[in-house]
Amino acid sequence: MGKYGDRLFVSTEAERQRLASLELAYDQGSFDTLSQVAIKTHWHCLELGAGAGSVARWLAAQVPDGMVTATDIDTRFLGDLQAENVRVRRHDLVTEEFPEATFDLIHARLLLSHLPERANILRKLFRWLKPGGVLVVEGMCWYPVNATENDVYRTGMNAYDKATATLVGTDSSFMQRLPALLGELGYVDVGVDLHGHVVQGGTPVADMWRRTVAMSRERAIEAGLATHADFDAFEELMHDPTFFGHGPVMAGTWGYRPEQV
Ligand SMILES: C[S@@+](CC[C@H](N)C(=O)[O-])C[C@H]1O[C@@H](n2cnc3c(N)ncnc32)[C@H](O)[C@@H]1O
């Protein structure tokens, strides 16, 4: 198995556009979820796998007396992140560390589901939080996809899902298990905020899924998960304003490092 960015999610202009479409479709929900943890203006925040940087930018505005460290294994799309209180750092979450008790808030969107080392990572993040600090992990729950009565939609979405599982080690059921895992690891006051999305052809959410599924096309066809005709039909569906499907639910799950450890 490869890892994120090797054979899928390769860092190209198409990936930059996909990340931009992701931000357009999902940023407001992330800002609503993050607002639930009552961010203080002096906090030091860590934005992991910052992608094209919209959440790091938003966090920087919430902490004018604090700072944001924005990391990614590939920082090329973070070049225009300009705020005095933002530090961009190339950092691999799987292999690298931060000092114990550094951050008040750690946030990661659409990252941990893609990293097979996710349980160990949650242990590291616990250590990097200050006592009383909070971890917020956002990711997709896949179950609504299979409840949608449209074969073209389900085939396209599931070809992408299986391709990422095989080639990257993505686990699209991880978010459902995350609250229990946080509890086992010692996080407290675990909570979740669920955001449902309609995938209507022609909308920003459909545009994001059109780009995301298309990215897996070559590999999924090679692996026999779907055909060229399946991918063409999915592409068309994502432009069709008469199509309405249930998109994956975005779960924003949080847990706190206890004050006393
Ligand atoms: C699906 S994108 C999400 C980007 C951003 N969090 C968002 O939601 O807009 C995942 C991001 O995680 C980064 N990434 C993947 N593996 C990583 C790792 N091991 N350490 C740090 N970042 C990683 C990728 O380069 C990519 O920018």
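Under 15 Å from the Cβ of residue 242, count the other residues' Cβ atoms, weight Lys and Arg +1, Asp and Glu -1, and hand me the total.
So the surrounding residues net to -3.
If you take the beta carbon distance between residue 244 and residue 27 as r and set R0 to 22 Å, what does 1/(1 + (r/R0)^6) give as a FRET efficiency, to the nearest 0.05?
0.50
Suppose every K and R has +1 on its Cβ and every D and E has -1 on its Cβ; what is the size of the dipole of the range 13-256 about the Cα centre, in Debye to the nearest 20?
540
Please name which of 12, 187, 224 has its Cα lying farthest along the dipole of the chain towards the positive end, using unit charges on Cβ (Lys, Arg +1; Asp, Glu -1) and the Cα centre as origin.
187
Under the rule that an exposed site lies in a DSSP loop and has at most 16 other Cβ atoms within 10 Å, name the longest stretch of the chain with no GluC sites (Glu not before Pro) of that kind, not counting the sites themselves.
150-258
How much net charge surrounds residue 98 when only other residues with a Cβ under 9 Å from its Cβ are counted (Lys, Arg +1; Asp, Glu -1)?
-1
Compute for the chain: radius of gyration divided by Kirkwood radius, i.e. Rg/Rh, restricted to C-alpha atoms, rounded to two decimals.
0.97
If you roll a 1.4 Å probe over the heavy atoms of the protein chains, what accessible area per residue do you get for the chain, in Å²?
44
Given contacts defined as C-alpha pairs under 8 Å and at least six residues apart, what's the relative contact order of the range 13-256, whole-number percent?
21
Just to confirm the filter: which trypsin sites (Lys or Arg not before Pro) across the range 1-52 are DSSP coil and have at most 14 other Cβ within 10 angstrom of their Cβ?
40
Looking at the range 43-181, I'd like the Rg to Rh ratio, where Rg is from alpha-carbon atoms and Rh is Kirkwood's inverse mean 1/r.
Using Cα coordinates only, the ratio equals 1.02.
Report for the range 13-256 the percent antiparallel among DSSP-assigned beta bridges with both residues inside it, nearest 5.
45
Excluding residue 31 itself, what net charge comes from residues whose Cβ is under 12 Å from its Cβ, given Lys and Arg +1 and Asp and Glu -1?
Net of charged neighbours comes to -3.
The values are calculated or read from the model by the stated rules, or taken from the named source; none is laboratory data. Bear in mind the structure is a predicted one, so any value in this text is a computation, not a measurement. Don't worry about glycine lacking a Cβ; one is built from the backbone with ideal geometry, like all the others, and counts go over all protein chains shown. Note: areas computed on protein heavy atoms with side chains; ligands, DNA, RNA excluded. Shrake-Rupley method; radii C 1.70, N 1.55, O 1.52, S 1.80 Å.
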